[in-house]
1. In the stretch 74-106, which residues are surrounded by fewer than 19 Cβ atoms within 10 Å (Cβ to Cβ), touching a strand residue (DSSP E or B) at 6+ places or on another chain (Cβ under 9 Å) and either more than 20 Å from residue 8 (Cβ to Cβ) or at pLDDT below 95 (or both)?
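The values are calculated or read from the model by the stated rules, or taken from the named source; none is laboratory data. The shown structure was predicted, so the numbers you read here are calculated from the model rather than taken from an experiment. Note that we place each Cβ from the backbone using ideal geometry, even for glycine, and neighbour counts take in every protein chain shown.
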């Protein structure tokens, strides 16, 4: 499944637009990460536990979006975007979205 941020794919024609697709997840922090984050807040530096958690969340959201596109019969997603928000204390939501399409080489 090709995923691009652009609305066109070089050397391909969009043959059919199948519609909006999205995938998301909500991730929460756990006590071990919170303790580490508190310590890093004092001395500074990257909070690797949070970085890893967010990377996993992004990957999961993208995979869910791809599955939604596959269910529609798409072979590509154009106009890909990703967004994050806080849904409650210690929980973040990641949404991946775009337009499912069928593309063919020109």
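1. Across the stretch 74-106, the qualifying residues are 83, 84, 85, 86, 87, 88, 90, 91, 92, 93, 95, 106.
Let's see how each residue does on (1) closer than 17 Å to residue 96 by Cα; (2) in a loop (DSSP other than H, G, I, E, B); (3) in contact with a helix residue (DSSP H, G or I) (Cβ under 9 Å, 6 or more places away or on another chain); (4) at pLDDT 85 or above:
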| position | (1), (2), (3), (4) |
| --- | --- |
| 7 | yes, yes, no, yes |
| 22 | yes, no, yes, yes |
| 36 | no, no, yes, no |
| 41 | no, no, no, no |
| 54 | yes, no, no, yes |
| 58 | yes, no, no, yes |
| 65 | yes, no, no, yes |
